[in-house]
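The values are calculated or read from the model by the stated rules, or taken from the named source; none is laboratory data. All figures in this text were calculated on a predicted structure; none of them were measured in a lab. Neighbour counts are summed over all protein chains in view; Cβ atoms, including those assigned to glycine, are modelled from backbone coordinates with ideal geometry.
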């Protein structure tokens, strides 16, 4: 085997180029962590990882800094779509940006038109495969992420990329199974892709990008070990559980990592006071600043509960108001930061009107305020109905904000009951209420609470741990 494994990493968003959701954190960190891994257990194998992204409109202003590397056509309905590829380097890693009419004509990374997104990302996937025939570099592994790039995995299996090239092995990471891309029959026909005829795959799934990629991939990776097991069940498998069970030997779970440099309470410039587990009293400065900024009573001993992120049914936001009403006789403050479902947003605004001295519903995206909340709130609530991995609970622990979470997906894999946080097993108001009562009883004992904070802050969720597992997977596929 070669002393270098070449990995073509496909994603549609990545920090620092464009960020809409959590995929950008993964695609911006994992490829670099893979490249920076030490020599693989003395085997002499290094990883040459290269990232491929669409040249979204939001990146056009930076296109002058990109170096053109290839021009070629992508065939759609027998017509050539001119395609250009540009390159730049990020910390020594080549990053390719693909441009063509389906990408440049789209106003945003994701639109409200599923057909438009399917066309754009089918084009991107086909162009990414064509790219490897135009540069002096052959991938051993194509690593795709979610439905947007799943067709690259499918096409790599069902059509020959180049007769002179050895067929690459493929990995597909599933960040959120319910988002499958929708019926792409017209798009598949346009790019000459024939749906799989495998009877294990439900008929409705054979023209949807993600299921097609799941069928074709040599390895399927869910973003946490527990989520990998959950998607094999009817409750979380979204109708694909039977198919996924039939190839369960190829399904694994690797927990996403956390950028420990970007998320460091000791150096974070958004905080009023930097701190570490060596002196948690410094953290109280941030709590006071948070309470003051949001017009809450400044009280170091009053527990501040918080939620940060998308306001959505999946996140369990709807069960929180009932829980807080049932706890009205106890001392607490509650802060929510996020946006999403307008109906839920209105419910939360009304909750603030109901508890004007104790609740703040901040309905917007605010990166700086989120950091102050992580550093000043006492507990982070995550009553998610499902959570493939979750990033907020890892950030919260790093900042000494104790998570109270529903026992699902990556939350189970990162939070340890009464050691680094609190879990509840029934996704109901009663379940969250009971977990909060347990947390508040320990919060009343400052020394015990500080032990939990310190345990949480000591957890290692760094990307090299996850990257090493991906590297082992790559090597197993190429042996």
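Data table
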item: Answer residue from region 439-460, given it is assigned to a loop (DSSP other than H, G, I, E, B) and over 29 Å from the mean Cα position of the chain (by Cα) and is nearest to residue 301 (Cα to Cα) among those; result: 444
item: Matching residues, region 154-182, being out of contact with any helix residue (DSSP H, G or I) (no Cβ under 8 Å at 6 or more places or on another chain) and modelled with pLDDT of 95 or more; result: 178
item: Test: residue 269 is exposed (fewer than 15 other Cβ atoms within 10 Å of the Cβ) and within 16 Å of residue 398 (Cα to Cα); result: yes
item: Answer from 286, 274 - the residue that is more than 19 Å from the chain's Cα centre (by Cα), in contact (Cβ under 8 Å) with a residue 12 or more places away in the chain and not assigned by TED's automatic domain parsing to the domain that holds residue 470; result: 286
item: Tally, over region 161-192, of residues that are part of a loop (DSSP other than H, G, I, E, B), over 25 Å from residue 117 (Cα atoms) and within 26 Å of the chain's Cα centre (by Cα); result: 1
item: Matching option when the condition is at negative phi and buried (at least 20 other Cβ atoms within 10 Å of the Cβ), among 204, 215; result: 215
item: Residue under evaluation residue 206, criteria (1) in contact (Cβ under 8 Å) with a residue 12 or more places away in the chain; (2) more than 24 Å from residue 101 (Cβ to Cβ), criterion not met; result: (1)
item: Criterion violated by residue 406 - all others in (1) within 23 Å of residue 286 (Cβ to Cβ); (2) within 21 Å of the chain's Cα centre (by Cα) satisfied; result: (1)
item: Odd one out for residue 164 among (1) under 20 Å from residue 72 (Cα atoms); (2) crowded, with 16+ Cβ neighbours inside 10 Å; (3) free of Cβ contacts under 8 Å to residues at least 40 places away in the same chain; result: (2)
item: Filtered residue count, region 413-429, keeping only those that are touching a strand residue (DSSP E or B) at 6+ places or on another chain (Cβ under 7 Å) and closer than 15 Å to residue 255 by Cα; result: 1
item: Where residue 195 falls short, out of the listed (1) in a helix (DSSP H, G or I); (2) surrounded by fewer than 21 Cβ atoms within 10 Å (Cβ to Cβ); result: (1)
item: Failed criterion for residue 427 (all others in (1) touching a residue at least 40 places away in the same chain (Cβ under 8 Å); (2) under 14 Å from residue 407 (Cα atoms); (3) buried (at least 19 other Cβ atoms within 10 Å of the Cβ) hold); result: (3)
item: Complete set of residues in region 287-317 that are out of contact with any strand residue (DSSP E or B) (no Cβ under 6 Å at 6 or more places or on another chain), closer than 18 Å to residue 358 by Cα and crowded, with 18+ Cβ neighbours inside 10 Å; result: 287, 290, 291, 303
item: One residue from 68, 31, 102, 82 being without any contact (Cβ under 8 Å) to a residue 60 or more places away in the chain, surrounded by 18 or more Cβ atoms within 10 Å (Cβ to Cβ) and touching a strand residue (DSSP E or B) at 6+ places or on another chain (Cβ under 8 Å); result: 102
item: The one condition in (1) within 24 Å of residue 142 (Cα to Cα); (2) more than 23 Å from the chain's Cα centre (by Cα) that residue 244 fails to fulfil; result: (2)
item: Some residue of region 321-333 being buried (at least 21 other Cβ atoms within 10 Å of the Cβ), more than 24 Å from residue 289 (Cα to Cα) and in contact (Cβ under 8 Å) with a residue 40 or more places away in the chain; result: yes
item: Meets criteria (farther than 20 Å from residue 443 by Cβ, assigned by TED's automatic domain parsing to the domain that holds residue 326 and crowded, with 18+ Cβ neighbours inside 10 Å) for residue 375; result: no
